[in-house]
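Inspection log for the structure reproduced underneath, given as C-alpha cells.
Nothing in this text is a laboratory measurement; each read-out follows from the coordinates by a stated rule. Quick caveat, the model's predicted, so the values are computed rather than measured. A quick note on method: Cβ atoms are made from the backbone with ideal geometry, for glycine too, and the neighbour counts reach across all protein chains shown.
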Amino acid sequence: MDVLIVILVVVVLAAAFVFIRAQTNAKGRWGINALRTSCPRCGTRLPMIRKPATREEALWGGWTCPQCRCQVDKYGRERGAG
Ligand SMILES: [Zn+2]
C-alpha cells in the first residue's frame with residue numbers, strides 16, 4: 001500500500017515537472033518566470049520582489065514598470081502586446 005502511494009506521488013510530481021517545463025518553454029502562464037527582467041520599453045531593471053499592481057499580476061506574475069508604467073509579464077514581455 002505504501003509503495004503505491006510513493007509511486008503515485010512520484011508520477012504526479014513528474015507530470016507537474018514536465019508540464020511546468022513545457023509551459024516555461026512555450027512561455028505559457030503556468031511556466032516559471034525569470035528571476036530578473038528589465039522593462040521592454042525603457043530597459044529599467046525590475047525588482048526581484050514585486051508588489052502586484054493588478055489582479056493579473058498577483059495571479060500570474062509580472063511587473064508594472066516604475067519608470068514608464070509599462071505592464072510587463074513574468075517573461076519580460078510587454079503585456080497585451082502579444
Ligand atoms: Zn519601463
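Note on residue 21 and residue 69: the extension gain reaches 14.3 nm, defined as 0.36 nm multiplied by sequence separation minus the Cα-Cα distance.
Per the Debye formula with a single identical scatterer at each Cα and no solvent contribution, what log10 I(q)/I(0) holds for region 34-82 at q = 0.32 Å⁻¹? Normalising to I(0) and taking log10 leaves -1.45. In this structure, residue 29 and residue 51 have a Cβ-Cβ separation that, at R0 = 25 Å, corresponds to a calculated FRET efficiency of about 0.80.
Near residue 36, once Lys and Arg are set to +1 and Asp and Glu to -1 for all other residues with Cβ below 12 Å from its Cβ, the sum equals +3.
Every Cα-Cα pair in the chain was counted, and those over 18 Å apart are 50% of them.
Tell me the mean residue ellipticity at 222 nm calculated for the chain from its helices only (DSSP H runs of n ≥ 4, each -39500 (n - 2.57), averaged over every residue, nearest 500).
Helix contribution divided over all residues of the chain: -12500 deg cm²/dmol.
Annotation: amide H-H contacts under 5 Å for residue 37 (H modelled 1.01 Å from N, sequence separation of 5 or more, or interchain): 46. Under the simplified labelling scheme, the residue 4-residue 42 pair shows an inter-label distance of 6.0 nm, with each label point 7 Å from Cα along Cα→Cβ. Relative to the first principal axis of the alpha-carbon coordinates of the chain, what is the inclination of helix 2-26, with its axis defined by its Cα atoms, in degrees from 0 to 90 and to the nearest 10? For helix 2-26, the angle is close to 30 degrees.
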